[in-house]
Structure formats: structure tokens, C-alpha cells
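Structure first, commentary second.
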Amino acid sequence: MSKKITLLLVFIGMIGLQSCTVNEIEPAPVDNDTISEVFELRNINFGYTGGNNYEIYQRLNPTIYSSDVILIYRKSGTTSNNSNVWQSIPRTLYLPQGELDYDFDFSREDFTIYAGGTYDLTFTPSYITNQTFRIVIVPGYFSKGSSSIDFSDYNAVIKAYNIDDSKVTVLK
């Protein structure tokens, strides 16, 4: 009789355990529907912010996903066949006057490009006036297989992310 009661209790216990549910936490949404994009700031001047610091501020509309990243490249010249030469920033230029640094930061809503140096940048106005920058937005979804990409090479980045840079949007 005790075996039958034990067997009955085990059976009831198994049925009871099967009816328990586990609340799973849903993972954060993955940004796998956003495409990489390129924007351009063309012939723009840095604004003086005090000291020896200059900046360019731009809002993003629409905002980007929190997992997205921004890469910024400065047009530093052209080749003999008139192709643009893009330098990634942050970048330090070593000039006869001293060091000039370009840097940037970004959030989901905006980005700022900075110029500063060890000398008075007004002595080299060609580095703070009429500047052209390319801003590449890379969705976080793509970052998993990106370890082999040379992010300092603009052409490598647009090739890796399948960006048609003939359709660059110029920001105003």
C-alpha cells in the first residue's frame, strides 16, 4: 500500500512540476533592418569655442539606434585623377606651426567634430574653414563580423558595408 501511495505522490508531483512555467526575459531588439549610410558635410567652417578649440555640431534626424556607431572621415585632398582622399578621425597632423588634432564624439541624437592644436589655428585657416567630412553610420548589427575591416580606410568601410557612395546625402 505504501508503494502505491508513494507512486501516486510522485505522479502528482510530476504533473504539478510540468504545469510550472518559467518567465523568460525577452532579449533587446536587434538592429538588423537598418542599412549603413553616408552623409556629407560640405565646405563647412569650424566655430570658435574658446581657448584654441573649434567645433562643428550637427543633430541627427532621425536619431540612430543605441547600438549604431559613427565613423567620420575628413577630406584631406584629391589624387592626380581627381579622386577624393579621406582621412579617418581622430587624427593628429604635425605641421610646422605645431600639432593640430581632429576628434569627434557622438550620441544617438547628434555628433560634434573638434579641432584643436598646440598653436593658434587661425595661422592655418585652411584646416578649419571650408572643410568636408563624410559621416558613416554603421548599424551595431554589422559589428559581429567586422574585425577584419580597416576602419581607417574609407573605401574599405564602404565596400565592406555595401554602401553606394554615389548617393551620399549632403547635410545642411
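Legend: ranking of residues 75, 172 from fewest to most surrounding C-beta atoms inside 10 Å; resulting order 172, 75. Each of 74, 91 has some number of other Cβ atoms within 10 Å of its Cβ, and from fewest to most they run 91, 74.
Applied to region 108-120, the Karplus parametrisation 6.51 cos²θ - 1.76 cosθ + 1.60 on θ = phi - 60° returns per-residue 3J(HN,Hα) values of 5, 9, 7, 8, 9, 9, 10, 10, x, x, 8, 9, 6 Hz, with x for Gly and Pro. Fewest-first ordering of 124, 118 by other beta carbons within 10 Å of each residue's beta carbon gives 118, 124. Available extension along the chain between residue 109 and residue 123 is 1.7 nm, counting 0.36 nm per residue and deducting the alpha carbon span.
For region 37-171, the fraction of alpha-carbon pairs lying more than 23 Å apart is 35 percent, rounded to a whole number.
Kindly provide the chymotrypsin sites (Phe, Trp or Tyr not before Pro) of region 69-172 that DSSP labels as loop, not H, G, I, E or B, and whose Cβ sees at most 15 other Cβ atoms within 10 Å. Passing both the DSSP loop test and the Cβ count: 119, 151.
Bear in mind that the values in this text are calculations on the coordinates, not laboratory data. Source: prediction; values computed, not measured. Every residue, glycine among them, receives a Cβ derived from its backbone with ideal geometry; neighbour counts consider all protein chains shown.
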